[in-house]
Amino acid sequence: MINFLFYSFIKIRQKALIKYVSLLFTFFLSSQLIYAQGFNSSNGRNHPELKWQVAETEHFKIMFPERLRGIEDKAASIAEETYDVLSKNLEVTFDFKIRIYLSDEDEINNGFAVPFNNAYTDIWVNLNDYSEIWTGQEKWLRKVVAHELAHIFHFEAVKSPMGLFQYAIANPLPSFWTEGLAQYETEEWDSQRGDRWLRKAIFDDNLNYASGQSMEDGRLRYALGNAQLRYFAEQYGDSTLADLLAHRDKLWGLFRYHDFGTAFEETIEGGYSKFYDNWRKHKNVYYNTLAGQMERTDSLNADELRFPGQFYYDASISPNDSVAAVLSLTSMSRPVKRLHLITLDSTKTTNLIGEGAINSDLSWSNETQLLYSRLVRGKNSSLMNDVFLYNLKDEREKQITFNRRAKFPVAGQSDTQIAYIVNEDGTGNLFTMNLETEQETRVTNYSGDIQVLWPLWVESQQSWLIHKFSENGDRNLVLISDNTGEETVIDSGDLDNRKALLSPDGTKIAYISLRDEVPNVFIYDFESRVESRFTNLFTGGDVFGWLAGDDSTNTEHIIVGASESRNRDQLYMVPADRKVYKPTVQLPETYTTWKTHTPPSVIASKVEPNPDLITDRYRYKSLKNLTHVASFGFPYYADSEDWGFFATTNWTEPLGKHSITAGGWISIPDLKNESYGGFGYVNNQLYPTIAFSLYKLPENGQFYGDEFLLEEYVGGDISATWPLDMFSAPYQSSQFSTKLRYYSTKPYGVSRFTGNTNVATPQSADVSDLQISWQITKQRPWKDNLLHPLDGTGLRVSVLRTEKVAGSEVSSFETDIHAYAILPSIGMHRLFIEGRYQQQWGNQLPQNYIGFSKYDNIDIDIPGNVPFQFFGSINRVRGYKEFVAGNRVVFGSLEYRMPFIPSLETELLGLISFGGVAFSLISDVGMIWEARSATGETGSIVRWGSGVEFKNQLSFFGLPLTHAVGFAQPTEKLFTETAGDLYYRVKTTIPF
């Protein structure tokens, strides 16, 4: 089979094939470069309702929606302050104005910077719950703008004239160092961004932030880089850091570039390896000395509670202590967030009630109603949080709030009332709702930069308790009187007490505090107004519930989450009357100063808005902000009659409104016939994504008859794709699309197909067609989805109309209904089922047939919006090597799939790697009406083949593929001496 493929490829026009393959890899590379560079790459939606504005300062262009007017004054002050500080510390300046994009279209606590030649940053703003993720006094805008600008300064410090191709020969920006530098230059060392993650990793002797085994890997990457930058600056000085970033190597003595490893070798004696050893020893002394003076988890003397999942996001115990709600991550291999209900009796009955983007704010309104919030699609398809209620009696989930940006739901003052926090343009406020009337009532009326988290009704105080993050940066637990609205702060100082829950009798609260640089549990007594420590754990502990005493012991228990391993969370049922170990911690000063080391210049924690910094204001024009991503070219030589130059260029706009990809071959000897090229433009200014393309390219590669057919397509198309919110669900998406196309096709090597009268000769023609499609797919994340997916469903319905208009020579109509499902079986075994129905009317071109192919067509998944049609999609019945065409086709496939080898762990030249292997029992069946086979058989033709197949995951020059080797026979001739079908195929494990 492999020999045949090689021979077939050689027989077709060799020059076209070379250009076809190079085109494929060019557009794969291009899709990686320009995809995921705007807000819409994270939320999957366009927002034409936003009217973008620009405010310019001396060093920045700040872009923001009109509805956020006023935020530019705040951002300008922070940005210019950051510029002054970082330009001094890193000895870097810019010859262009840095672009900052601010948007509140989603509740996403993030921002990102893009290392293009003219770098920019996109940042989500007006958030409330970011204060849950971080600690310290800095507000979101101050923290995230400074952080992302530090990345851009880092990009500029190591920038090369080679542009992004520097990354192909060097490692200028190792991720841990990049994140560490941004934190060191713009933030203080604290718990949430450093200490709690690093100390556990040191104690666990597991500093591999790329292990793929821990949910804390991402957090550790930041912490490790943060700690290393502080230690580096303390040991060698900040000027040495600037020298390291300024170091350059030369490629061929011409092109200057920066490589992290080489720069370290030539800047610091012993290079990074010696530095890392010294840093690790230093941190081992510090953290192990600290560990010896604090509690270990075994000191809790408590029973461990085992619930589903490897990592626990949240847990909550029902008011009658009978049921635990647990939100957990199944595993790092299967990173599905799932919500379970588990009975706390001897049966430990477990019920899965939800999955997906559920937040860590579980709470009970009564014994049968569980409250939580989800990130869902809201107004204008924005991603926002809303409150949900799960009723245990009828086992149904109900959405309670709509478009409210609401989180942290809790029980109210009666069975019919709940409360929650609403994010009002970045300000947190407390609201209540009557579940019977759905009437919402405001409790607080804060304005400005105030965030509120974790409300709790305290009956004994007739007050609401909240965690309040005030405008001046104070974090406190605050009681709000229900009668007077008067506020009482129950803690003071820089403690960051948070996430309180009530004792069974309602007179105390348990909460966590970050005062130890890890969370530990404390208890506050409302009657005595005295706080007491409950845990003093070195790696920290969280609090999830407070159980009343049972009849036998009458001992209350507090549910504490604590673990000394990065690879698994643990929950303990700790007696509420335990005695805590509280020594005075003493540490050698030599090993602590790195934590407080700061750069020479420091960005102020709070920067006041200054509108005078803005020099110009005007409406944003997206096309003027089209940004060059990468361009490259090289000479090529096919033969003496075809040689020249190949080039490609890629451009994108930071909001994702425009993207351009173009490339082609200029043949010097034969400019007209041997030059090829394509141009693709994607427009996201409207709700649907509109794509235009023009091309003269070899496309539609497929097996036709006994040969591999390529066609020269000259033409263009326009398509529109609408994402559909009505079908949105966890791990599920749906879209509707249309595509209008006009092109001329000319098959290569037509003479190869004239020898068999039963196979119609491919034809040249002008074609005008319109395709309309709808599809819905669902698949949960899994590390081996490319090779052995554990679940998945899909349905695609499309119609294609070809008409004799505008010079078109073809008139036809085609329907295509395609579906698949992956069903569970024994253990990790899975049953894959696929079905497809196709029918044609009219006179379609012979090569655009429906039927069965003699050999498997190539099927790969290229991410992004690639506008060209690389491969045909005709199915094949394995067990038969025969071409069959007709006017109506039913095809079905059944595979019993089993994982076989986790990984072949084989790599060739660092460019090709072989991963896992899966084994399948296969059976394909199909029927074609009004058919004609290559052997001359006519009428209704049925094919049914069965066999075995080995799939392997392959990475080929970075392009992920799944290829397979199999053997099949006609089912009625299985295990006979009938010649079988030994085949090789490159095909995805799911059809779409």
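A few comments on the model shown:
- Residue within the stretch 64-73 that is surrounded by fewer than 23 Cβ atoms within 10 Å (Cβ to Cβ) and among the aromatic types (Phe, Trp, Tyr) present: no
- Number of positions in the stretch 238-269 that are in a loop (DSSP other than H, G, I, E, B) and open to solvent by 40 Å² or more (accessible area, probe 1.4 Å): 5
- Only one entry of Ala691, Ala638 meets the criterion of being within 27 Å of Ala119 (Cα to Cα), open to solvent by less than 50 Å² (accessible area, probe 1.4 Å) and in a strand (DSSP E or B), and that entry is Ala691.
- Condition check for Tyr748: open to solvent by less than 50 Å² (accessible area, probe 1.4 Å), of a type outside the set (S, T, N, Q) and touching a Leu at 6+ places or on another chain (Cβ under 8 Å): yes
- Of everything in the stretch 886-900 that is out of contact with any Leu (no Cβ under 8 Å at 6 or more places or on another chain) and aliphatic (A, V, I, L, M), the residue that is least open to solvent (accessible area, probe 1.4 Å) is Val889.
- Among the residues of the stretch 930-947, those identified as more than 21 Å from Asn857 (Cβ to Cβ) and open to solvent by less than 60 Å² (accessible area, probe 1.4 Å) are Gly936, Gly939.
- Strands (runs of 3 or more DSSP E) contained entirely in the stretch 499-607, each with at least 2 residues that are under 38 Å from the mean Cα position of the chain (by Cα) and either more than 30 Å from Gln235 (Cα to Cα) or of a type in the set (S, T, N, Q) (or both): 508-513, 520-525, 542-547, 557-561, 571-575
- Hits in the stretch 902-919 (condition: touching a Gly at 6+ places or on another chain (Cβ under 9 Å) and under 17 Å from Asn785 (Cβ atoms)): Pro902, Ser903
- Any hit, the stretch 286-303, residues being in contact with a helix residue (DSSP H, G or I) (Cβ under 6 Å, 6 or more places away or on another chain), of a type outside the set (Asp, Glu) and farther than 15 Å from Glu564 by Cα: yes
- Scanning the stretch 694-726 for residues that are open to solvent by 40 Å² or more (accessible area, probe 1.4 Å) and part of a strand (DSSP E or B) gives Leu694, Lys696, Val714, Ile718, Trp722.
- Here the condition is being under 26 Å from Ala242 (Cα atoms) and touching a strand residue (DSSP E or B) at 6+ places or on another chain (Cβ under 6 Å); of Leu164, Leu173, Leu90, it holds for Leu164 alone.
- Residue satisfying all of: in the stretch 678-688; open to solvent by 30 Å² or more (accessible area, probe 1.4 Å) and hydrophobic (A, V, I, L, M, F, W, C); nearest to the chain's Cα centre (by Cα) among these: Leu686
- So Asp856, is it without any contact (Cβ under 8 Å) to a residue 40 or more places away in the chain, charged (D, E, K, R) and either open to solvent by less than 40 Å² (accessible area, probe 1.4 Å) or under 17 Å from Arg741 (Cα atoms) (or both): no
- Looking across the stretch 938-955, the residues that are in contact with a Phe, Trp or Tyr (Cβ under 9 Å, 6 or more places away or on another chain) and among the small types (Gly, Ala, Ser) come down to Gly939, Ser940, Gly945, Gly947, Ser955.
- Flag for Thr347 being open to solvent by 30 Å² or more (accessible area, probe 1.4 Å), of a type in the set (Val, Ile, Thr) and assigned to a loop (DSSP other than H, G, I, E, B): yes
The values are calculated or read from the model by the stated rules, or taken from the named source; none is laboratory data. Keep in mind it's a predicted model, so treat the numbers as computed, not measured. We place every Cβ from the backbone using ideal geometry, glycine too, and count neighbours over all the protein chains shown. Remember, those area values only see protein heavy atoms, side chains included, never the ligands or the DNA or RNA. Shrake-Rupley method; radii C 1.70, N 1.55, O 1.52, S 1.80 Å.
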